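Undergrad: Would you mind keeping the following structure in view while I ask a few things?
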Amino acid sequence: MAPKRIRSIKFELLSPREIRKMSVAKIITPDTYDDDGYPIDMGLMDQRLGVIDPGLRCKTCGGKIGECPGHFGHVELVAPVIHVGYAKLIGKLLNATCRNCGRILLPDKKRDEIVEEIERRRETGGDIEDLVKEVFAISSKTKECPHCGEQRVDIKFEKPTFYYENEHRLTPIDIRERLEKIPDEDLKAFGMDPASARPEWMVLTVLPVPPVNTRPSITLESGQRSEDDLTHKLVDIIRINQRFQENKEAGAPQLIIEDLWELLQYHVTTYLDNEVSGVPPARHRSGRPLKTLSQRLKGKEGRFRGSLSGKRVNFSARTVISPDPNLSIGEVGVPKAIAEELTVPMYVSRYNLEEARKFILRTEHPKANYVIRPDGRRVKVTENNAEEVTEKLEPGWVVERQLMDGDVVLFNRQPSLHRMSIMAHEVRVLPYKTFRLNPAVCPPYNADFDGDEMNLHVPQSLEAQAEAKILMSVQEHILSPRFGGPIIGGIHDHISGLYLLTKGDNRFTKEEVMEIIKPLDVKKLPKPAYEIDGVKYWTGKQIFSLILPEGLNMTFKAEICRNCDVCKETECDIDAYVVIKNGVLEHGTVDEKAIGAFKGLVIDQIVRQYGTAAAKEFLDNTTRLAIRAIMHMGFSFGIDDEDIPPEAVRQIDEVMEEAKNEVANLVMAFKKGELDPLPGRTIEETLELRIMQSLGRARDRAGKIAGNYLGLNNSAVIMAISGARGSMLNLTQMAGCVGQQSVRGERIKRGYSGRSLTHFKRGELGAEARGFVRSSYKKGLNPLEFFFHAVGGREGLVDTAVRTSQSGYLQRRLINALQDLKIEYDGTVRDTKGAVVQFRYGDDGVDPSKSYRGKAIDVKRIVEEVLSGG
Amino acid sequence: MKIKLQEHILVPKHEILSKEEAEKVLTVLNIKKHQLPKIRKEDPIAKEIGAKVGDVIKITRNSLTAKEAVVYRVVVE
């Protein structure tokens, strides 16, 4: 059979006729089962509505469970009720049509024009919403019916389902009558298609009863049946409907009839939507609000977002992640317990028959869990039947083999914001219970190890495995499509380690070299750089050069570069001028700029020059070497690393004293009115700005003093300047002075009237009174400073919380809007209709992941290559 | 006083293409007119250059990535 294509989908209202036509059973009793647990005929569980009990057959179609699609029934409502979902539209229609003749409150000519315009726009695919809105607006403003001359009376719609005409309440019967009077031709002017949506169908006279498999009941352990929320709600509706009927027939007083009518309206309303404002939600006996029709569809866990757009999968695992620098970046450590549970199908052929047999016969780890026979039957492989199964095994069978080393799996961390959030890794089965990954792949996943969990999926077909390997491998994502630079690279200790190793002129004896390069696959050492008294010494730069590919030539300034006015190049005082010639690091220090994620120029160059496999190997070696190096040299950080000598403390005190005086002078000048306002500022703003400026300067000076006394060998300083972790600002705050706390970019002034805290005078403008924290974290904050610090910190927390939720929603909207766009072979970006969105992708047609940091070509590099005769 | 939009530095160059030119653009892109991005005939710039419904407008604007980028729009109501 040829596959069918859906050309279009049309939504219509169900007419009472249609509801009755599709109904297989008229439901009249609110009861579900009789005392024997047998479904009652004409009850809500009528057997004609479908089957939910295994073994039984449907009374309508004769299908078993799974075959029978379920069939609708219907309830005849004693009196019509408003459908809440259309209540607002009903109100609009009532106001836009005549109460007497039911015609649209527009002259025929005008109406025909509008109908024509709407049809024209429909054909051209234009928007009719604004036009229809306009029609409602004009017709609701007309005073007198142009057809019969009747005065228009404003109808007030009150949520959820009430309509008033001059204080007089309209019953659904009245409303239905009025809607019936609107002629088909007039409806078209409201953008409605009378064939598929007559307005009176928005007032329900018949209620469809969904099939039982829409609302299956569950049997509790106690053998008691528990009905679905929808069934509960339908029971309520039918019960009230019945009572209404009885009362009406018995000629009950109008008051009682009205009450029952309203009650019926309530039940139908909550059946359709249990979250209508102004209506108390219908509750379960336990007090839990019922989940009715609208609730099933709406929101994150609703039918659309929860069941159709998102689904749960098999062959997946989730656990906590932890680091292992000895794994390759392309590997993932999978706990044995998980590897024994997840399986990969082996399609048995002539060629792998023996291999498959071996898996079946094994009794531990890489063994077969199940075999699937050609007829689709699954057989669990046990020690008892292994022999038997191996004998029967032949091409055409499928063996479900446990996950083992070398298998391709997809590894994912939420939120999956970009394509690097799901990458293909090779499995390494390891002991213990966490997923292990090389810390260099943390940046693309944005993962850390403070309790993060990640998911793993096992592709089940050879095509999927091949596709994952070729397109999704970690190594294929070293260069990010976001900015055309490496997103995978050294972090933290990798950077500090190589910095320590390569900085300056470290010398290592052969024993030391061997210890450091033990995890590397190095066959030959270069000639030692020094030989003193017969002892050979190699430099750190030589050791690092071992992992650089041959033929690599690069020159750049390292992260530690101070941007001197005149660059001394290779004679740099701080060894910040990196020169790599033919794969040998001749000058300079390796730091974040060379191997860091996001920045790493060396990684970048290796990917472009030698390909992704070489880059992967380089990164593997980098992480191993760096960890060895940092362990060999020793690197630690403690509270006493923030100690600064008394001399420094004195200097900082001086700076602070100066700043305090400066602020006092500014305040004095302000009070005397001698302060000159900055352009475009009031005097008050000028004062604030000047104070912030001088306090900021004071903190920076304190930081500089602290930094100078800590020296370049301080581990915190090393981490900050090499780009491994932290910044000089962090250091300033730890050792020097925390600085001004702010709320919304201003000094803290909220709190009491005219002052931030009662410890100050009203209107005090000094540094302490407005949240300047003079102390350092090391020294400790006094209570007032601590309070201001908490105030500033809280703003930061709130900001991040708000930002994440907002950007998450923005991302969702963007993805929904852009998901079907595609770059065609002619370089244009088009949607599914073939309409052009961009005439050339990104104006220049450059793939950012193949670009050089967003630019189409790296001119500097080309010049360098040409000059060096490459 | 009526200002000329085209003279504003932030307004890119708009030109109406002749029938033949428009036809050529469509053939090169292998598309029908309705697949082009749209611009309203009431759009101030469309009014200024006197574009009629069905005209194809060529817009040449500065681009951060390609220095200069050309896009086409079809005038609609």
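The values are calculated or read from the model by the stated rules, or taken from the named source; none is laboratory data. This structure is a prediction, so every number in the text was calculated from the model and none was measured. Cβ: placed from backbone, ideal geometry, glycine included. Neighbour counts: every protein chain shown.
Undergrad: Is it true that some residue in segment A:788-809 is in a loop (DSSP other than H, G, I, E, B), without any contact (Cβ under 8 Å) to a residue 60 or more places away in the chain and touching a helix residue (DSSP H, G or I) at 6+ places or on another chain (Cβ under 9 Å)? Steps first, answer last, please.
TA: Restricting attention to segment A:788-809, the residues satisfying the condition of being in a loop (DSSP other than H, G, I, E, B) are none.
The answer is no; no qualifying residue exists.
Undergrad: Here's a check for you: in segment A:822-866, which residue that is part of a strand (DSSP E or B) and more than 9 Å from chain B (Cβ to nearest Cβ) is surrounded by the fewest Cβ atoms within 10 Å (Cβ to Cβ)?
TA: Filtering first and then ranking leaves A:Lys822.
Undergrad: Within segment A:37-52, is there a residue that is β-branched (Val, Ile, Thr), part of a loop (DSSP other than H, G, I, E, B) and in contact (Cβ under 8 Å) with a residue 24 or more places away in the chain?
TA: Initially, segment A:37-52 is screened for residues β-branched (Val, Ile, Thr), giving A:40, A:51-52.
Then drop every residue that is not part of a loop (DSSP other than H, G, I, E, B), which leaves A:40, A:51-52.
Narrowing the set further to residues that are in contact (Cβ under 8 Å) with a residue 24 or more places away in the chain leaves A:51-52.
Yes, the conditions are met somewhere in segment A:37-52.
Undergrad: Still on this structure, please answer the following. Given the residues A:Ile580, A:Ile543, A:Ile606, A:Ile574, which is the only one that is buried (at least 18 other Cβ atoms within 10 Å of the Cβ) and either in a strand (DSSP E or B) or modelled with pLDDT under 90 (or both)? Before you say what the answer is, go through the steps one by one.
TA: On the way: A:Ile543 fails: either in a strand (DSSP E or B) or modelled with pLDDT under 90 (or both); A:Ile606 fails: either in a strand (DSSP E or B) or modelled with pLDDT under 90 (or both); A:Ile574 fails: buried (at least 18 other Cβ atoms within 10 Å of the Cβ).
A:Ile580 is the lone residue from the list that is buried (at least 18 other Cβ atoms within 10 Å of the Cβ) and either in a strand (DSSP E or B) or modelled with pLDDT under 90 (or both).
Undergrad: Another question about this same structure. Can you confirm whether segment A:33-45 contains a residue that is touching a helix residue (DSSP H, G or I) at 6+ places or on another chain (Cβ under 8 Å) and β-branched (Val, Ile, Thr)?
TA: Checked segment A:33-45: no residue is touching a helix residue (DSSP H, G or I) at 6+ places or on another chain (Cβ under 8 Å) and β-branched (Val, Ile, Thr).
Undergrad: Identify, please: which residue in segment A:257-293 is among the hydroxyl-bearing types (Ser, Thr, Tyr) and touching a residue at least 24 places away in the same chain (Cβ under 8 Å) and is, among those, surrounded by the most Cβ atoms within 10 Å (Cβ to Cβ)? Write out each step before concluding.
TA: Going through segment A:257-293, the residues among the hydroxyl-bearing types (Ser, Thr, Tyr) turn out to be A:266, A:269-271, A:277, A:286, A:292.
This time we only want the ones that are touching a residue at least 24 places away in the same chain (Cβ under 8 Å), so: A:269-271, A:277, A:292.
Working: A:Thr269: 23, A:Thr270: 26, A:Tyr271: 22, A:Ser277: 6, A:Thr292: 21.
Checked segment A:257-293; the qualifying residue surrounded by the most Cβ atoms within 10 Å (Cβ to Cβ) is A:Thr270.
Undergrad: Next up: Condition check: more than 12 Å from chain A (Cβ to nearest Cβ), surrounded by fewer than 15 Cβ atoms within 10 Å (Cβ to Cβ) and out of contact with any strand residue (DSSP E or B) (no Cβ under 9 Å at 6 or more places or on another chain). Does B:Lys2 satisfy that?
TA: On the way: more than 12 Å from chain A (Cβ to nearest Cβ): yes; surrounded by fewer than 15 Cβ atoms within 10 Å (Cβ to Cβ): yes; out of contact with any strand residue (DSSP E or B) (no Cβ under 9 Å at 6 or more places or on another chain): yes.
Spelling it out, B:Lys2 is indeed more than 12 Å from chain A (Cβ to nearest Cβ), surrounded by fewer than 15 Cβ atoms within 10 Å (Cβ to Cβ) and out of contact with any strand residue (DSSP E or B) (no Cβ under 9 Å at 6 or more places or on another chain).
Undergrad: Could you tell me how many of the residues in segment A:108-127 are within 13 Å of chain B (Cβ to nearest Cβ) and surrounded by 12 or more Cβ atoms within 10 Å (Cβ to Cβ)? Please lay out each step first, then the result.
TA: Taking segment A:108-127 first, the residues within 13 Å of chain B (Cβ to nearest Cβ) are A:117, A:120-121, A:123-127.
Narrowing the set further to residues that are surrounded by 12 or more Cβ atoms within 10 Å (Cβ to Cβ) leaves A:117, A:120-121, A:126.
Of the residues in segment A:108-127, 4 are within 13 Å of chain B (Cβ to nearest Cβ) and surrounded by 12 or more Cβ atoms within 10 Å (Cβ to Cβ).
Undergrad: Restricting the search to segment A:767-812, which residues are within 32 Å of the chain's Cα centre (by Cα) and of a type in the set (Ser, Thr, Tyr)?
TA: First, the residues of segment A:767-812 that are within 32 Å of the chain's Cα centre (by Cα): A:789-812.
A:Thr800, A:Thr804, A:Ser805, A:Ser807, A:Tyr809 - these are the residues of segment A:767-812 that are within 32 Å of the chain's Cα centre (by Cα) and of a type in the set (Ser, Thr, Tyr).
Undergrad: Find all pairs meeting these conditions: Cβ atoms under 9 angstrom apart; at least six residues apart or on different chains; first residue within segment A:531-557 and without any contact (Cβ under 8 Å) to a residue 12 or more places away in the chain and under 20 Å from A:Lys503 (Cβ atoms); second residue of a type outside the set (Asp, Glu) and surrounded by fewer than 18 Cβ atoms within 10 Å (Cβ to Cβ).
TA: Partner pairs satisfying both residue conditions: none exist.
Undergrad: Out of all the residues in segment B:57-67, which are within 11 Å of chain A (Cβ to nearest Cβ) and either over 23 Å from A:Gly854 (Cβ atoms) or not in a loop (DSSP other than H, G, I, E, B) (or both)? Full working, then the answer.
TA: Of segment B:57-67, the ones within 11 Å of chain A (Cβ to nearest Cβ) are B:58-59, B:61-67.
Those that are within 11 Å of chain A (Cβ to nearest Cβ) and either over 23 Å from A:Gly854 (Cβ atoms) or not in a loop (DSSP other than H, G, I, E, B) (or both): B:Lys58, B:Ile59, B:Arg61, B:Asn62, B:Ser63, B:Lys67.
Undergrad: Name the pairs: first residue in segment A:155-178 and at pLDDT below 85, second residue exposed (fewer than 13 other Cβ atoms within 10 Å of the Cβ) and not charged (D, E, K, R), Cβ to Cβ under 6 Å, at least 6 apart or on different chains?
TA: A:Lys159/A:Gly278; A:Pro160/A:Gly278
Undergrad: Any residue that is in the same structural domain as A:Ser473 (by TED's automatic domain parsing), part of a strand (DSSP E or B), surrounded by fewer than 19 Cβ atoms within 10 Å (Cβ to Cβ) and out of contact with any strand residue (DSSP E or B) (no Cβ under 6 Å at 6 or more places or on another chain) - is there at least one of those in segment A:387-397? If you could, list the steps in order and put the result at the bottom.
TA: Keep residues of segment A:387-397 that are in the same structural domain as A:Ser473 (by TED's automatic domain parsing), which gives A:387-397.
Going one step further and asking which of them are part of a strand (DSSP E or B), we end up with A:395, A:397.
Restricting the remaining residues to those that are surrounded by fewer than 19 Cβ atoms within 10 Å (Cβ to Cβ) gives A:395.
This time we only want the ones that are out of contact with any strand residue (DSSP E or B) (no Cβ under 6 Å at 6 or more places or on another chain), so: A:395.
Yes, there is a match, as at least one residue in segment A:387-397 is in the same structural domain as A:Ser473 (by TED's automatic domain parsing), part of a strand (DSSP E or B), surrounded by fewer than 19 Cβ atoms within 10 Å (Cβ to Cβ) and out of contact with any strand residue (DSSP E or B) (no Cβ under 6 Å at 6 or more places or on another chain).
Undergrad: Moving on to the next point. Among the residues of segment B:29-56, count how many are under 22 Å from A:Asp843 (Cβ atoms), within 13 Å of chain A (Cβ to nearest Cβ) and either in contact (Cβ under 8 Å) with a residue 40 or more places away in the chain or assigned to a helix (DSSP H, G or I) (or both).
TA: 3
Undergrad: A further question follows. Hey, among A:Val132, A:Val115, which residue is among the β-branched types (Val, Ile, Thr), assigned to a helix (DSSP H, G or I) and under 39 Å from the mean Cα position of the chain (by Cα)?
TA: Sole residue among the options that is among the β-branched types (Val, Ile, Thr), assigned to a helix (DSSP H, G or I) and under 39 Å from the mean Cα position of the chain (by Cα): A:Val132.
Undergrad: In this structure, does A:Lys599 turn out to be in a loop (DSSP other than H, G, I, E, B) and either in the same structural domain as A:Gln542 (by TED's automatic domain parsing) or farther than 19 Å from A:Gly711 by Cβ (or both)? Give the derivation first.
TA: Values: in a loop (DSSP other than H, G, I, E, B): yes; either in the same structural domain as A:Gln542 (by TED's automatic domain parsing) or farther than 19 Å from A:Gly711 by Cβ (or both): yes.
Spelling it out, A:Lys599 is indeed in a loop (DSSP other than H, G, I, E, B) and either in the same structural domain as A:Gln542 (by TED's automatic domain parsing) or farther than 19 Å from A:Gly711 by Cβ (or both).
Undergrad: Continuing with this model, one more query. Within segment A:583-596, which residues are surrounded by fewer than 23 Cβ atoms within 10 Å (Cβ to Cβ) and in a loop (DSSP other than H, G, I, E, B)? Write out each step before concluding.
TA: Filtering segment A:583-596 down to residues surrounded by fewer than 23 Cβ atoms within 10 Å (Cβ to Cβ) leaves A:583-584, A:586-587.
Scanning segment A:583-596 gives a single hit, A:Gly583.
Undergrad: Also, quick follow-up: Which of the strands (runs of 3 or more DSSP E) contained wholly in segment A:409-503 include at least 3 residues that are buried (at least 23 other Cβ atoms within 10 Å of the Cβ)? Before you say what the answer is, go through the steps one by one.
TA: Details: elements: A:422-430, A:435-437, A:453-457.
Once the strands (runs of 3 or more DSSP E) in segment A:409-503 are filtered for at least 3 residues that are buried (at least 23 other Cβ atoms within 10 Å of the Cβ), what remains is A:422-430.
Undergrad: Next question, about the same structure. Being part of a strand (DSSP E or B), on the phi < 0 side of the Ramachandran plot and within 11 Å of chain A (Cβ to nearest Cβ) is the requirement here; does B:Val70 meet it? Walk me through it before giving the result.
TA: Working: part of a strand (DSSP E or B): yes; on the phi < 0 side of the Ramachandran plot: yes; within 11 Å of chain A (Cβ to nearest Cβ): yes.
Yes.
Undergrad: Still on this model: Of the residues that make up segment A:524-537, is at least one under 26 Å from A:Ala440 (Cβ atoms), in the same structural domain as A:Val590 (by TED's automatic domain parsing) and of a type in the set (Asp, Glu)?
TA: No - not one qualifying residue is present in segment A:524-537.
Undergrad: Moving on. Considering segment B:14-50 alone, what residues qualify as being farther than 28 Å from A:Lys833 by Cα and surrounded by 13 or more Cβ atoms within 10 Å (Cβ to Cβ)?
TA: Matches in segment B:14-50: B:Glu48, B:Ile49.
Undergrad: Within segment B:5-28, how many residues are more than 14 Å from chain A (Cβ to nearest Cβ) and assigned to a loop (DSSP other than H, G, I, E, B)?
TA: The number of residues fulfilling the criteria is 5.
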